[in-house]
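The structure under discussion appears below in the form of structure tokens.
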């Protein structure tokens, strides 16, 4: 996923820490737990005890002086059946590198306790932590912009913010979600890539690419300042009248009342709460 810098930076000028929302010309907008669920499928219903993740894991994993992520993998990968330690090491890398995108973008133990919790088979509301981390990233970026300081590498799940924006900006960028395709797993490393249809809104949104020479920072800023036009405004992004997307399979907006897990998800989505992160 290529970072859409013009869109992300332009939107950050309109972020309000007071209400955790963008204040645009047409209305306030903000990512929610429903967006997290529909775009990523991450858990948002598990019991959350964020303070537990500040505890030390039951073992230490070397993260320094081991030669980057390649060295980290070599150091922690073993032969035979996968142990709890090895599983934890893998999940720690996944959380740090691909979910929360820490400031260093390198090996740390910041998510080690969370990784051990997951590896032990205990559910974690990763979706809530992702949303809270996204809010914190937007706070950091907007604070830097207000004080006219360089943004540099703050760290944080920029990919989720961009994924969310793609869902609400694709009409403005002249893109149809139904025309997006996703890389298939059914081809070898030496073969030409094969694509398949998207099975979720998240897969469709992640394939949207913006050409900054066509739609640049000034264009995005004017769009946010003046507000979206009536034809391009998307008030609810997850209408699926043609039943094109079967995922996330555990939550269907048309039938959430008929399933206990889906009902719990909806309850989390609409309940006010303090975000994790």
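Things to note:
- Hits in region 208-243 (condition: within 24 Å of the chain's Cα centre (by Cα), surrounded by 12 or more Cβ atoms within 10 Å (Cβ to Cβ) and farther than 16 Å from residue 5 by Cα): 228, 232, 233, 234, 237, 238, 240
- In the condition set (1) part of a helix (DSSP H, G or I); (2) surrounded by fewer than 20 Cβ atoms within 10 Å (Cβ to Cβ), residue 88 is compliant with all but (2).
- Matching entry among 152, 147 (being within 21 Å of the chain's Cα centre (by Cα) and outside the structural domain of residue 18 (by TED's automatic domain parsing)): 152
- Test: residue 153 is without any contact (Cβ under 8 Å) to a residue 12 or more places away in the chain, out of contact with any helix residue (DSSP H, G or I) (no Cβ under 8 Å at 6 or more places or on another chain), surrounded by fewer than 17 Cβ atoms within 10 Å (Cβ to Cβ) and part of a loop (DSSP other than H, G, I, E, B): no
- Condition broken by residue 123, with the remaining ones in (1) in a loop (DSSP other than H, G, I, E, B); (2) closer than 19 Å to residue 56 by Cβ; (3) touching a residue at least 24 places away in the same chain (Cβ under 8 Å); (4) out of contact with any helix residue (DSSP H, G or I) (no Cβ under 6 Å at 6 or more places or on another chain) satisfied: (2)
- Residue count for region 1-39, restricted to those that are part of a loop (DSSP other than H, G, I, E, B), touching a residue at least 24 places away in the same chain (Cβ under 8 Å) and touching a strand residue (DSSP E or B) at 6+ places or on another chain (Cβ under 7 Å): 1
- A single entry from 261, 246, 203 fulfils the requirement of being under 30 Å from residue 51 (Cβ atoms), assigned by TED's automatic domain parsing to the domain that holds residue 36 and either part of a helix (DSSP H, G or I) or under 20 Å from the mean Cα position of the chain (by Cα) (or both): 261.
- Test: residue in region 132-142 that is in contact (Cβ under 8 Å) with a residue 40 or more places away in the chain, outside the structural domain of residue 198 (by TED's automatic domain parsing), within 21 Å of residue 42 (Cβ to Cβ) and in a loop (DSSP other than H, G, I, E, B): no
- Region 249-258 - residue that is in a helix (DSSP H, G or I) and in contact with a helix residue (DSSP H, G or I) (Cβ under 9 Å, 6 or more places away or on another chain) and, of those, nearest to residue 200 (Cα to Cα): 256
- Test for residue 42: is it in a helix (DSSP H, G or I) and either free of Cβ contacts under 8 Å to residues at least 40 places away in the same chain or under 30 Å from residue 236 (Cβ atoms) (or both): no
The values are calculated or read from the model by the stated rules, or taken from the named source; none is laboratory data. Predicted, not measured: the structure shown is a model, and the values here were computed from it. All Cβ positions, glycine included, derive from the backbone under ideal geometry; neighbour counts span all protein chains shown.
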